[in-house]
Amino acid sequence: MARTIRTYPDPVLAQKAQPISEVTDTIRQLAAEMLELMYAHDGIGLAAPQVGEAVRLVTLDLSGPKKREAPRVLVNPVLSGHEGQVESEEGCLSVRGYRTTVPRAERVHLSATDLEGNAIEEDCDGLLAICLQHEIDHLDGILFIDRISRLKRALYDKRVHKWIKQQQRTPSE
């Protein structure tokens, strides 16, 4: 079965993802499928819960969304050393039709492993820091709309419920 990107309010997006204890061929295949989906939907980042898998796996390619020059896969990523604050306009493949400004740390430290089990330690800023925070939030069951004002969130929720009702309608026979 082909994977699809899950969209809000799918409950898998609110679950905390589990650590990956061993990188297997299944995890490598999941990462490959995630990169493919991310590119197909013009994204620059994708977390495993967004494709229905509650594991701590993230794909990124900041050369995108149209270019595909720097794909990265992070296993069990952790951020620390949050410094500064920046406002970033964000959207999300799992939060359709909505972009807004979200406060994020300006700089973070990334600890993770790659698909070969090699340790990654990296100080990050700019778009990379923002993207990492966004994707790792997904691993903790947090969407960027969880970080906006209650009023903005209520307006978005109202729009989503309207879309859902429209999809549930069936034509009269």
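At-a-glance table
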read-out: Check on Gly91, in contact with a strand residue (DSSP E or B) (Cβ under 7 Å, 6 or more places away or on another chain), surrounded by fewer than 16 Cβ atoms within 10 Å (Cβ to Cβ) and closer than 30 Å to Ile164 by Cα; value: yes
read-out: Selection count, segment 102-134, where residues are closer than 24 Å to Cys92 by Cα, surrounded by 14 or more Cβ atoms within 10 Å (Cβ to Cβ) and not hydroxyl-bearing (Ser, Thr, Tyr); value: 19
read-out: Lone qualifier among Arg104, Arg96, Arg68 - being basic (Lys, Arg) and over 24 Å from Arg150 (Cβ atoms); value: Arg68
read-out: Of residues in segment 50-83 being out of contact with any Gly (no Cβ under 9 Å at 6 or more places or on another chain) and among the acidic types (Asp, Glu), the one modelled with the lowest pLDDT; value: Glu69
read-out: Pick from segment 121-143, criterion in contact with a Pro (Cβ under 8 Å, 6 or more places away or on another chain) and aliphatic (A, V, I, L, M), ranking: farthest from Ile20 (Cα to Cα); value: Leu132
read-out: Checklist (1) under 26 Å from Leu155 (Cα atoms); (2) in a loop (DSSP other than H, G, I, E, B) applied to Pro65, failing item; value: (1)
read-out: The listed residue being in contact (Cβ under 8 Å) with a residue 60 or more places away in the chain and on the phi < 0 side of the Ramachandran plot, out of Leu79, Leu143; value: Leu143
read-out: Which listed residue is buried (at least 16 other Cβ atoms within 10 Å of the Cβ), at pLDDT 95 or above and among the small types (Gly, Ala, Ser), from Ala47, Ala32, Ala14; value: Ala47
read-out: Subset of segment 11-62 (residues that are assigned to a helix (DSSP H, G or I), within 15 Å of Leu139 (Cβ to Cβ) and over 15 Å from the mean Cα position of the chain (by Cα)); value: Ile27
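The values are calculated or read from the model by the stated rules, or taken from the named source; none is laboratory data. It should be emphasised that the depicted structure is a prediction, and the values quoted were computed from it without experimental measurement. Every residue, glycine as well, gets a Cβ built from its backbone with ideal geometry; the counts of neighbours run over all protein chains shown.
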